[in-house]
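The values are calculated or read from the model by the stated rules, or taken from the named source; none is laboratory data. This structure is a prediction, so every number in the text was calculated from the model and none was measured. No Cβ is skipped: glycine too gets one built from the backbone with ideal geometry, and neighbour counts run over all protein chains shown. Side chains included, ligands, DNA and RNA excluded: accessible areas come from the protein's heavy atoms. Shrake-Rupley method; radii C 1.70, N 1.55, O 1.52, S 1.80 Å.
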Protein chains: 2
Amino acid sequence: MELYLIRHGIAADRDADANDEERPLTNKGHKKTTKVAKQLRDRGLRFDLILTSPLVRAKETATILKEAGLASQVEEFAALAPDGDIQAWVDWLEKRRQTSSGDKCLALVGHQPDLGNWAETLVWGKAQNKLLLKKAGAIGLKSPDTKPLIGQSELFLLLSPKWLL
Amino acid sequence: MELYLIRHGIAADRDADANDEERPLTNKGHKKTTKVAKQLRDRGLRFDLILTSPLVRAKETATILKEAGLASQVEEFAALAPDGDIQAWVDWLEKRRQTSSGDKCLALVGHQPDLGNWAETLVWGKAQNKLLLKKAGAIGLKSPDTKPLIGQSELFLLLSPKWLL
């Protein structure tokens, strides 16, 4: 199974008065993320499902990916929020792997440094904060269909928008 | 400093009668590598120097990168051959770092699984054979300007030709 960990696009600045969870993508973030999504689609990428962090900037990114034709289904998943719990979504994924008819390719939309650290954990067994992932960038992992996900995956993609636009 | 580890393009099949070191790129390999090189150049990439494995398929790849305008200088480096010695080129690089006027960006052209294992060694301190790198694909590392290279670098790019073409 392939797993894509995708970081949300450029969002409005943090504002002392506003709720971080509500920050939307900027116009620039929206446009750039849309271009990235179309490039990924044109290269044949399709997701069986997109899971997204419940924060606005992530949900907007997931919607852009869906509307570009990368998936027909988006679901919010609380554990993908900042400082989220890798074990929660890995458990969910390993369970789904046993019961569903077999996903080929899933996307998770979330935040840094979590996504980079989660990728390191899936591939090398622990997080060391050494994967640099730009906004609207993507990490691609090849994960085993039967073995535990953690420490058993391989990395085949680490992409920033620069290389697609 | 940025380090790009680039795998040679598609080469002629192994042949019991022929010397592995002499295998050239195929026509398809030549064309695809040329397209990749132009895409990288068009995105602003430039190397201060390209070091290449002495094997024909790597040297041809390095020449393509040079001719696309990615660098003006190519040098052969024996330690980049298959099963090459990471310590040899890291020592060379750390020495060059002290004496040269300051490279911003270097490319090394070589082979799998060495390149993936070397990247893991530079970033995480040891090779685990978990970075998948396609032919004519590239790994991008951000390496420290003063500290030792091994175990101190960060990964910002893992790219296969598919995403550029």
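Numbers below:
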| item | result |
| --- | --- |
| Condition met for residue B:88 (modelled with pLDDT of 95 or more, under 28 Å from residue A:130 (Cα atoms), open to solvent by less than 10 Å² (accessible area, probe 1.4 Å) and among the small types (Gly, Ala, Ser)) | no |
| Selection count, segment A:13-69, where residues are among the small types (Gly, Ala, Ser), under 13 Å from residue A:111 (Cα atoms) and either assigned to a helix (DSSP H, G or I) or touching a Lys or Arg at 6+ places or on another chain (Cβ under 7 Å) (or both) | 2 |
| Residues of segment B:1-12 satisfying the condition of being part of a loop (DSSP other than H, G, I, E, B), more than 16 Å from residue B:66 (Cα to Cα) and open to solvent by less than 40 Å² (accessible area, probe 1.4 Å) | B:1, B:12 |
| Residues within segment A:31-63 that are within 16 Å of residue A:164 (Cβ to Cβ) and touching a residue at least 24 places away in the same chain (Cβ under 8 Å), tallied | 12 |
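Listed here are the residues, each with its yes/no results for (1) within 24 Å of residue B:120 (Cα to Cα); (2) crowded, with 21+ Cβ neighbours inside 10 Å; (3) within 13 Å of the chain's Cα centre (by Cα).
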position	(1), (2), (3)
A:103	no, no, no
A:121	yes, no, no
A:141	yes, yes, yes
A:156	yes, no, no
A:159	yes, yes, yes
